[in-house]
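Have a look at the structure below, then the notes.
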Amino acid sequence: MESNSGEDMISALSLDENHDSLFCCCEPNISAHVKDHPMSSNTKLFSVLALLNAYVPNSYLNMEECREILGPPDPIHGGPPFEDRMQPFSELIRVSGSEVRLIHPDVAARSVDLLACLGIPRSSLAQECVSLRCGDEVQPHTVQFVRDLLTRREMGPKGKEKFSLLIKDIIEKETFDKALLVLTKASNKFKDKHIFPQTVARLYYIEGRSPNFNAAEKWAKEAIKRAQNNSYAADTLGQVYKNHLLRGANQSSEVKEMAEKAFKAFKDEEMKADKELDPELSEYDDCANISNSFNNRGHFGFIQVAKIVSEKHKHNNPLKDTLKLEVEDKFEFFEWYLSYSQPDRTTVEPDYFWRDVATCYQKYTAKDATDSTSFPALLDCLNHGLFVSKEKRAFQSGVTEKTRPQLEQTRDELKAAHEENVEDVKMAQRYILSNIILNNKETHSPQHALVRELQAILQRFLPTGANSRDPEFYLLVLLLFWPEDQFQDQTLEEADVEENNTGEESEQPPPGLMYELDMEKYVALMEKAYDKVYAKYLRGRYLLPMFFLGKGSGLSRWIHRSRLDKEVERMVETQLANEPSDTNRNKMKMKIIDMWSSGKVWQLPEIQDMLQPVQMEATQSGEDHEVFLSVGGKKIRKSLCQVDHVSESKRFYLGFNIKGPVIFEVKD
């Protein structure tokens with residue numbers, strides 16, 4: 001049996017490398033013991049450890065729990081040592097301090113298979129885990145391990161799996177009823193946990209010979225009863241009605257009834273999600289439900305139900321006019337939600353996510369999502385056609401890059417709309433952004449006259465409401481007014497004029513810097529605006545960088561992320577040129593993700609040629625130490641900027657997401 005000494009840890013590593021041969025050596029004795037003593041306490045303990053370690057690799061039981069299972073006599077009362085009592089399993093068990101587990105997850109998995117062959121199936125082991133106690137109470141860590149065992153769903157190619165790996169195995173290797181028995185026992189044991197009745201409900205409407213929507217509805221309502229303010233508990237009821245609508249409702253009256261129930265359930269979920277707080281804010285409201293991320297399932301569930309209703313009524317949807325405005329609202333939500341963020345650095349929403357949103361929008365408005373000219377849609381339009389874009393993932397074919405003539409037409413339409421209503425700040429923002437986007441399609445001259453025109457438009461809105469704009473407004477302020485070297489900001493002709501001018505005009509600001517703003521102030525305002533508008537919805541998600549500071553000047557110095565993604569895709573395509581086409585898609589996705597998450601993207605010469613390194617400066621005043629981003633001879637406190645840690649380095653690039661500046665520390 002393994003201990004936690006240094007020599008034994010080295011031995012354990014060796015055993016991990018050879019666990020197959022070790023298991024094979026132990027298997028005959030284990031098989032004989034289990035056949036002869038299937039109900040013995042040490043067989044029971046080994047079986048529980050095997051199941052936990054096979055499906056929850058970091059799990060363990062503490063020694064006190066093990067002794068509870070083994071029963072008397074305890075060593076402290078003259079009984080044999082733990083190692084002796086666990087023969088013939090001892091070689092496969094590791095004791096680290098008070099924690100007891102098997103020596104390796106692979107050994108645990110093979111042990112579970114062996115036990116099943118010997119007549120002790122997974123469902124029986126799972127029920128033993130549910131029944132575990134230590135004294136009168138279940139240990140908190142054991143409750144969490146059992147919860148993970150029965151309810152933790154892994155991410156699959158189409159999003160989260162429907163059930164935990166153990167429940168899937170019980171359904172496939174045993175029966176639906178056995179899985180149901182395990183989950184209902186857990187639900188009855190842990191009456192304060194809503195996750196177990198949720199999972200029972202999901203089992204009823206997804207698995208089995210035919211879905212049992214009535215039973216699923218009952219268990220979904222039980223989950224809500226246990227956690228009345230929890231939006232995730234509320235989601236299951238909406239899913240029950242949605243699936244009933246999709247798979248069981250055909251008559252018009254039944255479609256209408258199920259749709260109304262589903263809409264009501266998802267709106268209830270939305271309301272609860274809107275009231276949930278970030279854990280950092282929970283100290284201000286002890287009664288609020290806490291969630292690390294915003295639950296978007298109510299919004300998405302509504303979209304899916306509206307889409308199903310439209311498909312059930314192909315020729316005459318009686319709810320089309322009633323639902324149209326709300327579908328448009330949900331579409332606008334997901335436009336910025338998916339353009340500004342993704343779940344984390346290495347994960348994106350499932351491919352079907354945007355497909356359902358865009359398809360539903362088209363059915364109710366007859367408009368194509370790719371034709372949208374909202375601010376987030378403009379920000380995202382250069383991604384169309386790229387492998388990593390949500391459009392390409394959603395529709396595979398038929399999605400192409402926006403052409404320069406298309407972008408010019410959009411710019412001209414937005415300019416006309418802006419000129420018709422110059423007081424509309426949001427229209428002004430879209431017109432300004434369309435110019436920056438167009439310039440990224442095919443970079444030409446710095447266009448300083450245009451920069452000054454766009455600066456003037458924004459300048460009109462600064463005196464009034466400067467402290468109460470949306471993050472998009474401050475993003476444009478930072479892009480247009482970010483300081484640059486004087487010579488870079490002028491064409492050669494402008495520089496010559498200024499150099500030869502000896503009159504009073506030489507006192508005027510350089511042509512590209514019509515206005516000089518305090519960048520630190522506007523960085524702070526942008527973060528404040530983000531906290532007010534988006535922080536609640538995007539908490540816990542990775543904010544996507546949208547622009548990077550390049551080596552050009554004027555509009556040309558802002559590099560849209562799509563230009564970096566193109567270079568990454570080109571390199572990855574070259575690497576995979578000789579790979580079988582059926583494996584390329586997933587490999588390409590993983591390689592692109594790795595390029596960004598590891599920081600390898602910054603090593604590409606093509607990208608280094610685009611981007612302008614920025615300076616970070618440190619100041620020391622007594623005990624105070626502060627780091628600044630140096631901007632055109634002025635300083636912005638690093639504490640106001642987000643830092644994307646790639647590695648400790650002396651080289652930095654600057655990007656912008658919807659919250660503000662992001663400093664990328666680049667590996668040399």
Being hydrophobic (A, V, I, L, M, F, W, C) and either closer than 23 Å to Glu222 by Cα or modelled with pLDDT under 95 (or both) narrows it down to one of Leu181, Leu165, Leu125, so name that one. Leu181
Determine which member of the set Lys272, Lys264 is open to solvent by less than 50 Å² (accessible area, probe 1.4 Å) and basic (Lys, Arg). Lys272
Let me spell it out: the conditions are (1) farther than 23 Å from Lys402 by Cβ; (2) at pLDDT below 75, and Tyr522 meets all of them except one. Which number is the exception? (2)
Within the range 418-425, is there a residue that is modelled with pLDDT of 90 or more, part of a helix (DSSP H, G or I) and open to solvent by 60 Å² or more (accessible area, probe 1.4 Å)? yes
Any chance Val34 is among the β-branched types (Val, Ile, Thr), surrounded by 19 or more Cβ atoms within 10 Å (Cβ to Cβ) and assigned to a helix (DSSP H, G or I): yes
Do we find that Arg570 is at pLDDT 90 or above, under 22 Å from Lys638 (Cα atoms) and of a type outside the set (Ser, Thr, Tyr) in this structure? no
Go through the range 57-85 and count every residue that is surrounded by fewer than 24 Cβ atoms within 10 Å (Cβ to Cβ), under 15 Å from Ile103 (Cα atoms) and not polar (S, T, N, Q). 3
Looking at the range 202-251 only, could you name the residues that are buried (at least 16 other Cβ atoms within 10 Å of the Cβ), polar (S, T, N, Q) and touching a residue at least 40 places away in the same chain (Cβ under 8 Å)? Asn230, Ser231, Gln239
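Per-residue answers, yes or no, for (1) at pLDDT 90 or above; (2) over 17 Å from Asp356 (Cβ atoms):
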site	(1), (2)
Lys261	yes, yes
Met271	yes, yes
Asp285	no, yes
Gly301	yes, no
Asn316	no, yes
Conditions first: (1) among the acidic types (Asp, Glu); (2) more than 19 Å from Lys173 (Cα to Cα); (3) in contact (Cβ under 8 Å) with a residue 12 or more places away in the chain. Glu137 passes all but one, so which condition is the exception? (3)
Let me confirm something: among Ala262, Ala358, which residue is without any contact (Cβ under 8 Å) to a residue 60 or more places away in the chain and either more than 19 Å from Leu245 (Cβ to Cβ) or part of a loop (DSSP other than H, G, I, E, B) (or both)? Ala358
Checking Arg345 against (1) within 30 Å of Lys256 (Cβ to Cβ); (2) at pLDDT below 95, which single condition isn't satisfied? (1)
Which one of these does Asp113 not meet: (1) over 16 Å from Glu172 (Cα atoms); (2) out of contact with any helix residue (DSSP H, G or I) (no Cβ under 8 Å at 6 or more places or on another chain); (3) not aromatic (Phe, Trp, Tyr)? (1)
Pull up the range 518-543, narrow it to residues that are surrounded by fewer than 19 Cβ atoms within 10 Å (Cβ to Cβ) and touching a Leu at 6+ places or on another chain (Cβ under 9 Å), then point me to the one that is nearest to Pro343 (Cα to Cα). Lys536
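Suppose the filter is touching a His at 6+ places or on another chain (Cβ under 8 Å) and not in a strand (DSSP E or B); does Ser556 pass it?
Numbers: touching a His at 6+ places or on another chain (Cβ under 8 Å): yes; not in a strand (DSSP E or B): yes.
The answer is yes for Ser556.
Got a sec? Which of Lys415, Lys363, Lys367 is open to solvent by 50 Å² or more (accessible area, probe 1.4 Å), part of a loop (DSSP other than H, G, I, E, B) and over 15 Å from Glu442 (Cβ atoms)?
Only one candidate qualifies: Lys367.
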Among (1) open to solvent by less than 30 Å² (accessible area, probe 1.4 Å); (2) in contact (Cβ under 8 Å) with a residue 12 or more places away in the chain; (3) not hydrophobic (A, V, I, L, M, F, W, C), Ser131 falls short only on (1)
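Just to check your reading of the model, which residue among Gln608, Gln620, Gln615, Gln642 is at pLDDT 80 or above and more than 30 Å from the chain's Cα centre (by Cα)?
On the way: Gln608 fails: more than 30 Å from the chain's Cα centre (by Cα); Gln620 fails: at pLDDT 80 or above; Gln642 fails: more than 30 Å from the chain's Cα centre (by Cα).
Testing whether each residue is at pLDDT 80 or above and more than 30 Å from the chain's Cα centre (by Cα) leaves just Gln615.
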When the range 162-200 is examined, which residues are found to be under 16 Å from Ser124 (Cβ atoms) and buried (at least 23 other Cβ atoms within 10 Å of the Cβ)? Leu166, Ile167, Ile170, Ala179, Val182, Leu183, Ala186
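The values are calculated or read from the model by the stated rules, or taken from the named source; none is laboratory data. Note that the structure is a prediction, hence the values are computed from the model and not measured. FYI the Cβ positions are ideal-geometry reconstructions off the backbone, even for glycines, and counts take in every protein chain you see. In case anyone asks, the SASA skips ligands and DNA or RNA and just uses the protein heavy atoms, side chains included. Shrake-Rupley method; radii C 1.70, N 1.55, O 1.52, S 1.80 Å.
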